[in-house]
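Comments concern the structure below.
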Amino acid sequence: MTVTPPESRPKPRRTRKLRYWIAAVLCVGAIAALLIGGLSHNLVYFRTVSEAVKARNSTGDHRFRIAGAVKPGTIRETNDGVDFEITDGKQTVEIAHTGDPPELFKAGAPVVCEGRWGRGLVFDSDRILIKHGASYTPPSVDVNKAPPTRNAS
(Lines give C-alpha, C1' and ligand atoms only; values in the text may rest on other atoms or scores of the structure.)
Protein backbone atom coordinates (compact mmCIF):
# COMPACT_ATOMS: atom_id res chain seq x y z
CA MET A 1 0.00 0.00 0.00
CA THR A 2 1.43 3.35 -1.01
CA VAL A 3 0.60 6.51 0.79
CA THR A 4 0.32 9.57 -1.33
CA PRO A 5 1.26 12.81 0.34
CA PRO A 6 -1.43 15.41 0.54
CA GLU A 7 -1.30 18.03 -2.14
CA SER A 8 0.62 21.07 -1.14
CA ARG A 9 -1.13 24.15 -2.22
CA PRO A 10 0.80 27.35 -2.93
CA LYS A 11 0.23 30.02 -0.30
CA PRO A 12 -2.02 32.82 -1.34
CA ARG A 13 -0.27 35.90 -2.71
CA ARG A 14 -1.69 38.07 0.04
CA THR A 15 0.08 36.09 2.74
CA ARG A 16 3.42 36.30 0.89
CA LYS A 17 3.04 40.03 0.31
CA LEU A 18 2.16 40.57 3.95
CA ARG A 19 5.30 38.70 5.05
CA TYR A 20 7.47 40.84 2.75
CA TRP A 21 5.90 44.03 4.07
CA ILE A 22 6.40 42.96 7.67
CA ALA A 23 10.05 42.06 6.98
CA ALA A 24 10.62 45.39 5.20
CA VAL A 25 9.07 47.39 8.04
CA LEU A 26 11.19 45.52 10.60
CA CYS A 27 14.37 46.16 8.58
CA VAL A 28 13.62 49.85 8.17
CA GLY A 29 12.80 50.14 11.88
CA ALA A 30 16.02 48.41 12.87
CA ILE A 31 18.11 50.65 10.60
CA ALA A 32 16.36 53.76 11.92
CA ALA A 33 16.94 52.68 15.54
CA LEU A 34 20.64 52.05 14.86
CA LEU A 35 21.08 55.39 13.12
CA ILE A 36 19.23 57.42 15.71
CA GLY A 37 20.79 55.63 18.68
CA GLY A 38 24.29 55.63 17.25
CA LEU A 39 24.27 59.20 16.00
CA SER A 40 22.82 60.70 19.15
CA HIS A 41 25.81 59.44 21.16
CA ASN A 42 28.32 60.67 18.58
CA LEU A 43 26.97 64.16 17.93
CA VAL A 44 29.29 66.98 18.90
CA TYR A 45 27.55 70.34 18.88
CA PHE A 46 29.22 73.48 17.52
CA ARG A 47 28.77 76.79 19.37
CA THR A 48 30.31 80.24 19.28
CA VAL A 49 31.93 81.51 22.48
CA SER A 50 28.84 83.59 23.39
CA GLU A 51 26.46 80.69 22.74
CA ALA A 52 28.63 78.31 24.77
CA VAL A 53 28.82 80.66 27.77
CA LYS A 54 25.07 81.26 27.62
CA ALA A 55 24.32 77.49 27.49
CA ARG A 56 26.96 76.58 30.10
CA ASN A 57 24.51 75.28 32.71
CA SER A 58 22.44 73.23 30.26
CA THR A 59 25.51 71.72 28.56
CA GLY A 60 26.78 70.03 31.72
CA ASP A 61 29.69 67.72 31.01
CA HIS A 62 28.67 66.86 27.42
CA ARG A 63 31.28 67.24 24.69
CA PHE A 64 30.86 70.01 22.15
CA ARG A 65 32.90 72.30 19.93
CA ILE A 66 33.50 75.96 20.71
CA ALA A 67 34.60 78.41 18.01
CA GLY A 68 36.40 81.71 18.25
CA ALA A 69 39.65 83.52 17.52
CA VAL A 70 42.76 83.03 19.66
CA LYS A 71 43.15 86.18 21.73
CA PRO A 72 46.63 87.71 21.21
CA GLY A 73 48.95 87.63 24.22
CA THR A 74 47.13 84.77 25.97
CA ILE A 75 49.01 81.72 24.67
CA ARG A 76 50.93 79.94 27.47
CA GLU A 77 52.63 76.58 27.02
CA THR A 78 52.09 74.05 29.83
CA ASN A 79 53.61 70.67 30.67
CA ASP A 80 50.82 68.78 28.91
CA GLY A 81 49.66 71.24 26.24
CA VAL A 82 48.79 74.90 25.92
CA ASP A 83 46.45 77.36 27.65
CA PHE A 84 44.96 80.31 25.77
CA GLU A 85 41.81 82.37 25.43
CA ILE A 86 39.38 82.57 22.54
CA THR A 87 36.84 85.25 21.81
CA ASP A 88 34.01 85.97 19.41
CA GLY A 89 34.17 89.71 20.05
CA LYS A 90 31.49 89.58 22.74
CA GLN A 91 32.66 86.93 25.22
CA THR A 92 36.01 85.39 26.10
CA VAL A 93 36.68 81.84 27.33
CA GLU A 94 39.88 80.35 28.69
CA ILE A 95 40.91 77.10 26.99
CA ALA A 96 43.06 74.47 28.72
CA HIS A 97 44.23 72.26 25.86
CA THR A 98 45.85 68.88 26.45
CA GLY A 99 48.19 67.80 23.66
CA ASP A 100 50.13 69.58 20.96
CA PRO A 101 48.38 72.37 19.07
CA PRO A 102 48.30 72.21 15.25
CA GLU A 103 51.07 73.85 13.21
CA LEU A 104 48.87 76.74 12.08
CA PHE A 105 47.90 77.59 15.69
CA LYS A 106 48.83 81.20 16.51
CA ALA A 107 47.43 84.40 18.00
CA GLY A 108 44.44 85.67 16.04
CA ALA A 109 43.84 82.32 14.29
CA PRO A 110 40.20 81.22 14.06
CA VAL A 111 39.94 77.89 15.90
CA VAL A 112 37.39 75.28 16.87
CA CYS A 113 38.19 73.49 20.14
CA GLU A 114 36.54 70.20 21.05
CA GLY A 115 36.03 69.14 24.64
CA ARG A 116 33.86 69.97 27.65
CA TRP A 117 33.52 72.54 30.40
CA GLY A 118 35.98 72.14 33.26
CA ARG A 119 36.19 74.27 36.37
CA GLY A 120 34.58 77.72 36.25
CA LEU A 121 34.62 79.20 32.77
CA VAL A 122 37.58 77.08 31.65
CA PHE A 123 36.99 74.84 28.64
CA ASP A 124 39.01 71.59 28.73
CA SER A 125 40.00 70.83 25.15
CA ASP A 126 41.66 67.78 23.67
CA ARG A 127 41.34 68.71 20.00
CA ILE A 128 41.98 71.95 18.12
CA LEU A 129 40.85 72.49 14.55
CA ILE A 130 42.09 75.49 12.59
CA LYS A 131 39.49 77.18 10.44
CA HIS A 132 40.64 78.63 7.15
CA GLY A 133 38.96 80.09 4.10
CA ALA A 134 38.72 78.81 0.56
CA SER A 135 41.87 80.74 -0.35
CA TYR A 136 44.06 78.58 1.88
CA THR A 137 47.05 77.03 0.14
CA PRO A 138 49.31 74.55 1.90
CA PRO A 139 53.01 75.35 2.13
CA SER A 140 54.98 74.28 -0.93
CA VAL A 141 57.42 71.43 -0.65
CA ASP A 142 60.62 71.28 -2.70
CA VAL A 143 60.73 67.68 -3.90
CA ASN A 144 64.39 68.08 -4.91
CA LYS A 145 65.34 68.54 -1.25
CA ALA A 146 63.36 65.55 -0.05
CA PRO A 147 65.40 62.82 1.64
CA PRO A 148 66.25 59.89 -0.66
CA THR A 149 64.06 56.84 -0.44
CA ARG A 150 65.52 53.49 0.52
CA ASN A 151 65.30 50.62 -1.89
CA ALA A 152 64.51 47.27 -0.35
CA SER A 153 67.30 44.86 -1.31
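The values are calculated or read from the model by the stated rules, or taken from the named source; none is laboratory data. A quick note: this is a predicted structure, and the numbers were derived from the prediction, not measured. No Cβ is skipped: glycine too gets one built from the backbone with ideal geometry, and neighbour counts run over all protein chains shown. For the accessible areas, the whole protein counts, side chains as well, though only heavy atoms, and no ligand, DNA or RNA atoms are used. Shrake-Rupley method; radii C 1.70, N 1.55, O 1.52, S 1.80 Å.
Residue count for region 77-93 satisfying the condition of being within 22 Å of Val53 (Cα to Cα) and open to solvent by 60 Å² or more (accessible area, probe 1.4 Å): 3. Counting the residues of region 66-104 that are free of Cβ contacts under 8 Å to residues at least 60 places away in the same chain and part of a strand (DSSP E or B) gives 20. Check whether at least one residue in region 67-74 is out of contact with any helix residue (DSSP H, G or I) (no Cβ under 8 Å at 6 or more places or on another chain) and at pLDDT below 90, and report yes or no. Among the residues of region 67-74, not one is out of contact with any helix residue (DSSP H, G or I) (no Cβ under 8 Å at 6 or more places or on another chain) and at pLDDT below 90, which makes the answer no. When restricted to residues that are crowded, with 16+ Cβ neighbours inside 10 Å and among the hydrophobic types (A, V, I, L, M, F, W, C), region 105-133 contains 9. A count restricted to region 79-127 and to residues that are hydrophobic (A, V, I, L, M, F, W, C) and farther than 15 Å from Arg65 by Cβ stands at 9.
Only one of the listed residues (Tyr20, Tyr45) is open to solvent by 70 Å² or more (accessible area, probe 1.4 Å), among the aromatic types (Phe, Trp, Tyr) and either at pLDDT 90 or above or under 25 Å from the mean Cα position of the chain (by Cα) (or both). That residue is Tyr45.
In a residue-by-residue description of region 136-153, the property of being modelled with pLDDT of 65 or more, of a type outside the set (Phe, Trp, Tyr) and open to solvent by less than 90 Å² (accessible area, probe 1.4 Å) applies to no position. Is it the case that region 119-128 has a residue that's in contact (Cβ under 8 Å) with a residue 40 or more places away in the chain and within 13 Å of Arg47 (Cα to Cα)? Scanning region 119-128, I find at least one residue that is in contact (Cβ under 8 Å) with a residue 40 or more places away in the chain and within 13 Å of Arg47 (Cα to Cα), so the answer is yes.
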